[in-house]
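The values are calculated or read from the model by the stated rules, or taken from the named source; none is laboratory data. From a predicted model like this one, the values you see are computed outputs, not experimental measurements. Note that each Cβ is placed from the backbone with ideal geometry, even for glycine, and that neighbours are counted across all protein chains shown. Ligands, DNA and RNA are excluded from the accessible area calculation, which covers all protein heavy atoms including side chains. Shrake-Rupley method; radii C 1.70, N 1.55, O 1.52, S 1.80 Å.
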Amino acid sequence: MRLIGSGAEAGRTGPERGRRPRRVAMLSMHTSPLEQPGTGDAGGLNVYVVELSRQLAALGVEVEVFTRAVSSRAPTSAELVPGVTVRHVDAGPFEEVHREDLPAWLCAFTADVLRAEAGQEPGWFDLIHSHYWLSGQVALAVARRWGVPFVHTSHTLAKVKNDALAAGDRPEPPGRVRGEQEVIAGATRLIASTEDEREHLGGLYGAAADRVDVVAPGVDLDVFRPGDAARSRALLGLDPDGDLLLFVGRIQPLKAPDLLLHAAAELLRRDPGRRDRLTVAVVGGPSGSGLEQPDVLVKLAADLGISDLVRFQPPAPQRDLAHWYRAATAVVVPSHSESFGLVALEAQACGTPVVAAAVGGLRTAVADGVSGLLVPGRDPARYADALDQLLRQPHWRARLAAGALGRASGFGWSTTARGVLRSYRHALSPAAVAV
């Protein structure tokens with residue numbers, strides 16, 4: 001065991017341990033916070049890094065986000081907001097690289113991060129916060145060189161994903177499992193989104209409970225808030241009196257948008273008269289193994305005989321996304337696994353009930369029977385049952401909508417940032433050690 005961040009090891013003087021850091025290096029190697037969430041590798045992690053960085057800056061902590069450059073036209077650095085700088089690191093070709101191929105560029109990414117810091121005065125960064133296991137591998141090397149602690153957020157865990165693998169999806173490779181194990185063992189502190197994730201970190205990876213801080217992600221309550229549903233429907237070209245079932249997210253087997261289409265077909269089988277009122281919207285783009293069959297949902301809709309009811313929309317900026325949530329009768333989140341489920345939280349913040357899989361962090365994000373419904377198992381008929389209740393009982397749907405607002409109100413990003421800052425302070429305390 002050794003103390004992380006000792007001045008003797010690094011030849012530097014850091015801040016008094018236990019105090020808030022002055023400057024944090026945020027590592028997000030595989031996806032840029034400037035990318036539009038909903039396609040490729042951009043998703044909830046991007047939102048998390050952006051919103052957390054903004055809130056930390058508001059609390060007086062400077063943040064520099066390091067991410068891999070995917071275009072030669074990308075500036076070396078860009079200011080996200082005052083106090084938050086995004087640095088594009090040269091590591092690999094100037095193009096999107098599949099995540100499974102990115103380990104080959106870890107050394108190059110690490111070297112460029114070290115060069116960026118070398119041009120600053122000694123002790124420039126007080127702490128590193130890495131996101132996803134690839135960035136964690138970089139943090140392992142960089143933290144040792146700088147003599148500072150590092151905090152790690154996994155966002156997803158390979159062993160959890162492999163235990164709930166979607167049909168047609170590929171298991172996470174052994175290299176990722178080993179890499180995660182190294183990062184989890186070496187981090188000064190770990191941040192889990194839920195108690196469920198804390199248990200996974202301990203039970204599956206051997207992390208000591210006293211090194212794990214549970215800090216729930218947040219939602220931008222200024223953007224995602226209730227509004228005029230009729231106006232939102234008009235802006236989106238939707239029937240003002242119809243029923244809208246909405247999926248938002250990356251189109252890949254893990255997220256299971258196909259389950260919503262099957263459930264919608266089951267609803268029509270039970271009541272063909274719904275066809276004139278029902279719309280199913282899928283807002284997002286192909287990602288992961290979904291890139292191999294980008295038209296799979298279009299073909300499925302045709303096979304199910306519901307092509308006329310389904311709208312496929314590209315990923316939308318947050319303010320446009322809020323209109324989709326407000327317009328929806330229900331938002332469906334049928335994922336095989338979720339570390340948290342930001343879509344569920346965003347929808348609830350707009351006053352829209354959520355029908356979600358009873359897995360992982362969704363069991364924290366959604367209060368079953370209060371802000372939405374949690375569905376056990378993968379049977380489309382069960383999802384159809386839940387949606388049927390919502391569609392047929394508007395008074396109950398209104399009660400769930402009120403519960404959704406109450407649920408989301410406790411998850412602002414400022415609350416998340418304060419929780420993360422407490423974790424940083426733990427990491428900077430004299431007692432903080434790592435293997």
| request: Kindly provide the set of residues from the stretch 103-128 that are of a type outside the set (A, V, I, L, M, F, W, C), out of contact with any Ser or Thr (no Cβ under 7 Å at 6 or more places or on another chain) and outside any helix (DSSP H, G or I), ordered by number. | output: 119, 120, 121, 122, 126
| Which one of the conditions (1) open to solvent by 30 Å² or more (accessible area, probe 1.4 Å); (2) not in a helix (DSSP H, G or I) does residue 191 fail to meet, given that it meets all the rest? | (1)
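Filter the stretch 213-237 down to residues that are part of a strand (DSSP E or B) and surrounded by fewer than 21 Cβ atoms within 10 Å (Cβ to Cβ), then give me how many there are.
2
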| field | Residue that is part of a loop (DSSP other than H, G, I, E, B) and open to solvent by less than 30 Å² (accessible area, probe 1.4 Å), where the choices are 322, 301, 265, 316 | value | 316
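For every residue, the table says whether it meets (1) touching a Leu at 6+ places or on another chain (Cβ under 8 Å); (2) outside any helix (DSSP H, G or I).
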residue: 370; (1), (2): yes, yes
residue: 378; (1), (2): yes, yes
residue: 382; (1), (2): no, no
residue: 391; (1), (2): yes, no
residue: 395; (1), (2): no, no
residue: 419; (1), (2): no, no
residue: 423; (1), (2): no, no
residue: 426; (1), (2): no, no
residue: 430; (1), (2): yes, yes
| said: Out of the residues in the stretch 196-212 meeting the condition of being charged (D, E, K, R) and under 17 Å from residue 161 (Cα atoms), tell me which one is surrounded by the most Cβ atoms within 10 Å (Cβ to Cβ). | reply: 197
| Do the conditions hold for residue 11, that is, is it over 30 Å from residue 346 (Cβ atoms), modelled with pLDDT of 60 or more and not assigned by the TED database to the domain that holds residue 420? | no
| query | In the stretch 246-262, which residues are within 11 Å of residue 281 (Cα to Cα) and in a helix (DSSP H, G or I)? | reply | 257, 260, 261
| query | Of the residues 381, 358, which single one is under 18 Å from the mean Cα position of the chain (by Cα), under 29 Å from residue 266 (Cα atoms) and of a type in the set (Gly, Ala, Ser)? | reply | 358
| message | Going through 327, 357 one at a time, which residue ends up being open to solvent by less than 10 Å² (accessible area, probe 1.4 Å) and in contact with a Leu (Cβ under 6 Å, 6 or more places away or on another chain)? | response | 327
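Any idea which of 346, 338 is open to solvent by 10 Å² or more (accessible area, probe 1.4 Å), modelled with pLDDT of 95 or more, under 17 Å from the mean Cα position of the chain (by Cα) and not assigned by the TED database to the domain that holds residue 163? Walk me through how you get there before you give the answer.
Numbers: 338 fails: modelled with pLDDT of 95 or more.
On inspection, the qualifying residue turns out to be 346.
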| Scanning the stretch 146-162 for residues that are out of contact with any Asp or Glu (no Cβ under 6 Å at 6 or more places or on another chain) and free of Cβ contacts under 8 Å to residues at least 60 places away in the same chain, which turns out most open to solvent (accessible area, probe 1.4 Å)? | 159
| query | Which condition does residue 240 not pass, out of (1) open to solvent by less than 40 Å² (accessible area, probe 1.4 Å); (2) part of a loop (DSSP other than H, G, I, E, B), if it passes all the others? | reply | (1)
